[in-house]
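Notes follow once the structure below has been shown.
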Amino acid sequence: MAEHVVADIGALSDLCTPWCIHVVATLRIAEHVAAGVTDINGLAVAAGCDAGVLHSVLCHLVGKGVFEEPAPGRFALNEAAGGLLDPGMRLGLDLEGIGGRMAHAWGTLLTYVRTGRPAYDQVFGRPFWEDLDAHPEIGASFDALMGPAGHGTPNPEFDITGGWGPVRTVVDVGGGTGAMLAELLRARPQLRGTLVDLPRTVARSAETFAAAGVADRVTTVGQSFFDPLPAGADLYLLKKVLNDWPDREKTAILSCCAEAARPNGRVVVLGGVSAGDGTRRLEPDMIVAGGKSNTMAEFRELTRQAGLEVSAAEQQPSGYFVVECRPT
């Protein structure tokens, strides 16, 4: 019989440690140590901060197993602190970028739980997506976090009904800076692709497509996916898009896809739909934008309202739960 473990509420509710990690990531302390600056005064000068307070922060983290203090006032990287050198990790922790928006948004959880509506605007003055538009540097940080720097190179290996052979054109709806579309085109030379996302985002896609060697097979369209989409493609892809939105907006996105896919196209959804009625998890996209994942039963009703019908749904070896829809 498994041993019963009693949760330590004190440890679970500790806010000091996560904020200390955010602070040292923002100040690039791990990078400074890796570059040979190890004494507290030198670190404070390099980071532009107060030596005494930084010393307290680092000593707290040493006690939690992040960094080592081999001599008083001198610090070294250990395995945990070395993780802070990873650019993707830094993106999610940097309080001066999207990491700060995500961190501070957790302070709105009580309002979100009470009302069922995100309260991001109460902290930052605007709803999440409008805030990204108003602050281009934060928007760029978000795009980087959602791309390969934050999430690694996406896996293009998933199956669709009838195979990929007949598919010639793909529209990646809300595809960010194009990482997934680039991998799809690289893996399948017969494909041509269209990337649809906001103008500020698709403007950063050229390097992605050039590096993948597929720039000559891509068209970029800078627009909202709540507006009419480029019509007539064989496949419309929604990868980790729907989970960012409440059901009303989700239905609107699906409706745009349905209209563009008529009469013979299909809509393929990766992410935001779960196979069963499993555990409901609290995710950052819920806190910042009111997004959520749907069960298959819920999703079928959304597709019905949007003029689509689920034609296939399968958990695949790649790890994707792939849902295919056809216009009705």
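The values are calculated or read from the model by the stated rules, or taken from the named source; none is laboratory data. Everything numeric here is computed off the predicted structure, so don't read it as measured data. Every residue, glycine among them, receives a Cβ derived from its backbone with ideal geometry; neighbour counts consider all protein chains shown. Heavy atoms of the whole protein, side chains included, go into the accessibility calculation; ligands, DNA and RNA do not. Shrake-Rupley method; radii C 1.70, N 1.55, O 1.52, S 1.80 Å.
Brief remarks follow.
- The relative contact order of the chain comes to 12 percent, based on Cα pairs under 8 Å that sit 6 or more residues apart.
- Over region 26-115, the Kirkwood radius and the radius of gyration, each from Cα atoms, give a ratio Rg/Rh of 1.06.
- The DSSP beta bridges internal to the chain are antiparallel in roughly 40% of cases.
- Between MET296 and GLU207, full extension at 0.36 nm per residue minus the direct alpha carbon distance yields a gain of 28.4 nm.
- Just checking the listed ones, LEU12, LEU238, LEU27: in the Gaussian network model of the chain with Cα springs under 10 Å, the one fluctuating most is LEU12.
- Under 20 Å from the ASP227 label point (7 Å along Cα→beta-carbon), backbone N, region 179-201: 194-201
- For the chain, built as a Gaussian network whose Cα springs stay under 10 Å, the top-fluctuating residue of THR220, THR115, THR38: THR115
- Projecting the Cα atoms of GLY150, MET180, VAL123 onto the charge dipole of region 90-198, computed from C-beta unit charges around the Cα centre, puts MET180 farthest toward the positive end.
- Region 187-302 - convex hull of the alpha-carbon atoms, volume per residue in Å³: 132
- The charge dipole of the chain, taken about the Cα centre with unit charges on the Cβ atoms of Lys, Arg (+1) and Asp, Glu (-1), comes to about 780 debye, rounded to the nearest 20.
- Accessible area per residue for region 28-127 is 52 Å², calculated with a 1.4 Å probe on protein heavy atoms, without ligands, DNA or RNA.
- Area accessible to solvent at HIS4, 1.4 Å probe radius, in Å²: 150
- Residue among VAL273, ALA258, PRO228 farthest towards the positive dipole end of region 226-285, charges placed on Cβ: VAL273
- Taking THR161, THR303, THR17 in turn, the Gaussian network model of the chain (Cα-Cα springs below 10 Å) assigns the largest fluctuation to THR161.
- Bins of 10 Å from zero: percent of alpha-carbon pairs in region 129-246: 13, 49, 32, 6, 0
- The charge dipole of region 10-139, taken about the Cα centre with unit charges on the Cβ atoms of Lys, Arg (+1) and Asp, Glu (-1), comes to about 320 debye, rounded to the nearest 20.
- Relative to the current alpha-carbon distance between ASN155 and GLU314, full extension at 0.36 nm per residue lengthens the span by 55.6 nm.
- If the chain linking ARG281 and HIS4 were pulled fully straight, counting 0.36 nm for each residue of separation and taking away their Cα-Cα distance, it would gain 97.5 nm.
- Note: relative contact order over region 215-328, using C-alpha pairs below 8 Å and six or more positions apart, is 29 percent.
- As a ratio to 2.2 N^0.38 Å, the alpha-carbon radius of gyration computed for the chain takes the value 1.13.
- Fraction of accessible area attributable to carbon and sulfur, region 14-76 (%, probe 1.4 Å): 61
- Here ASP216 and ASP50 are evaluated by their C-beta separation; at R0 = 51 Å the FRET efficiency comes out at 0.45.
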